[in-house]
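Below is one structure, written out as structure tokens; the observations come after it.
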Amino acid sequence: MTNDFPIMLHKYLTNFLPNERGYSENTIKTYRYTFVLFLEYLSTIGIKPNKFELKNFDKRLITEFLDYLENVKGSCIGTRNNRLATILSFTRFLMYEYPDYINNYSEILDIKFKKGKEATIDYLEIEEVKCIISATNKQSLKTYRDFMIIFLLYETGARVSELINMRIRDFHVSRPYYIKIVGKGNKERLVPLSEPVVHEFKKYLESSRLKNKPTDSLLFTNNRHEKLTRAGINHILNKYISLASDKMITLKQKRITPHVLRHSKAMHLLQNGVNLVYIRDFLGHTSIQTTEIYARASSKLKQKAIENAFIDIYPQEEAEWDDTSTLEWLRQFI
């Protein structure tokens with residue numbers, strides 16, 4: 001089949017991932033970008049993307065692509081392994097959908113993930129979380145919104161992509177309290193909420209004039225009433241980190257992102273004796289092995305039940321590329 005690579009790639013990205021695997025738009029964007037980088041690499045070795053055929057999709061090429069990511073693009077081992085995971089997923093898809101070169105595919109699947117130093121977990125102490133949230137002051141509609149954003153990032157352990165898609169209807173404010181969060185792969189999880197969190201949620205609805213809005217309304221929007229972006233959430237958090245750093249110097253010494261609040265919640269649950277299985281479900285991890293990194297990083301484990309773990313923390317790379325049809329098709333979705 002001529003042009004078999006772009007045909008199968010299109011089928012993989014537009015049908016297999018969203019329809020058969022149920023992956024979210026954000027996850028598919030990440031997969032697409034891996035192939036943007038792959039096409040860029042092909043160009044550097046003199047192969048035109050639209051001329052590339054699957055008969056040349058082999059272990060040697062993929063290994064050299066991975067080396068290119070590390071040595072030329074400056075990717076860390078973790079990023080390299082993520083790109084490899086995408087390639088392996090595509091390869092397994094090809095084995096069933098287009099097995100003409102199954103020997104090549106089998107060799108690609110033998111490529112191992114590269115081992116590196118175990119990543120350290122960045123997280124905040126309780127007092128540091130309190131200090132950041134206190135900086136919001138809640139004196140206006142905007143600062144109350146900012147308070148709730150940071151508060152919920154910590155209390156629910158939500159990823160940024162999950163937070164910006166939260167809607168009023170996702171909160172169950174009669175007992176048992178919980179929020180429905182749609183995570184990676186469009187998988188839903190129910191995260192228990194404490195009474196203080198529900199109390200703040202109700203106050204926020206009143207103060208932000210959301211009370212009479214349709215229940216499918218977004219919980220957080222910008223000044224133009226549009227969905228917030230990742231960059232917007234980062235900007236909001238950095239603003240209050242800067243203010244809080246004047247009062248707590250340790251904050252100046254730490255790299256703090258929205259995901260660090262998620263790490264912090266997980267560490268604090270663990271330190272309060274919550275079982276790793278519950279933390280796995282709380283965070284929406286598919287494997288307990290992912291959650292075990294918190295156990296390895298923590299030195300303050302204590303025994304408490306999860307229902308007593310609530311802590312009062314609120315105050316009283318773009319790739320360069322010439323135009324090609326395959327690349328442009330990938331780019332329009334990123």
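Of everything in region 1-32 that is in a loop (DSSP other than H, G, I, E, B) and of a type in the set (S, T, Y), the residue that is modelled with the lowest pLDDT is T2. If you check L88, L39, L13, L9, which single one turns out to be out of contact with any Ser or Thr (no Cβ under 8 Å at 6 or more places or on another chain) and crowded, with 20+ Cβ neighbours inside 10 Å? Being out of contact with any Ser or Thr (no Cβ under 8 Å at 6 or more places or on another chain) and crowded, with 20+ Cβ neighbours inside 10 Å holds for just one of L88, L39, L13, L9, which is L13. How many residues are buried (at least 18 other Cβ atoms within 10 Å of the Cβ) and not charged (D, E, K, R) if we restrict to region 118-136? The number of residues fulfilling the criteria is 9.
Count, please, the residues in region 252-294 that happen to be under 23 Å from F147 (Cβ atoms) and of a type outside the set (D, E, K, R).
Step one: filter region 252-294 for residues under 23 Å from F147 (Cβ atoms), giving 252, 254-269, 282-283.
Of the ones still in play, those that are also of a type outside the set (D, E, K, R) are 256-261, 263-264, 266-269, 282-283.
Number satisfying all stated conditions: 14.
Just so you know, in region 96-151 the residues that are over 26 Å from the mean Cα position of the chain (by Cα) and charged (D, E, K, R) include one that is farthest from F16 (Cα to Cα), and it is K138.
Checking every residue in region 187-201 against the condition of being in the same structural domain as I132 (by TED's automatic domain parsing), of a type in the set (V, I, T) and either more than 25 Å from the chain's Cα centre (by Cα) or more than 27 Å from T286 (Cβ to Cβ) (or both) gives at least one match.
Among the residues of region 247-289, those identified as surrounded by 14 or more Cβ atoms within 10 Å (Cβ to Cβ), assigned to a helix (DSSP H, G or I) and among the hydroxyl-bearing types (S, T, Y) are S264, Y278. The residues of region 137-150 that are closer than 20 Å to M248 by Cα and either exposed (fewer than 12 other Cβ atoms within 10 Å of the Cβ) or modelled with pLDDT of 95 or more (or both), listed by number, are D146, F147, I150. Quickly run through region 96-110 and pick out the residues that are closer than 17 Å to Y31 by Cβ and surrounded by 14 or more Cβ atoms within 10 Å (Cβ to Cβ). Hit for region 96-110 is I108, nothing else.
The values are calculated or read from the model by the stated rules, or taken from the named source; none is laboratory data. Worth saying up front: this structure is predicted, and the values here are computed from it rather than measured. Glycine gets a Cβ as well: all are built from the backbone with ideal geometry, and neighbour counts include every protein chain shown.
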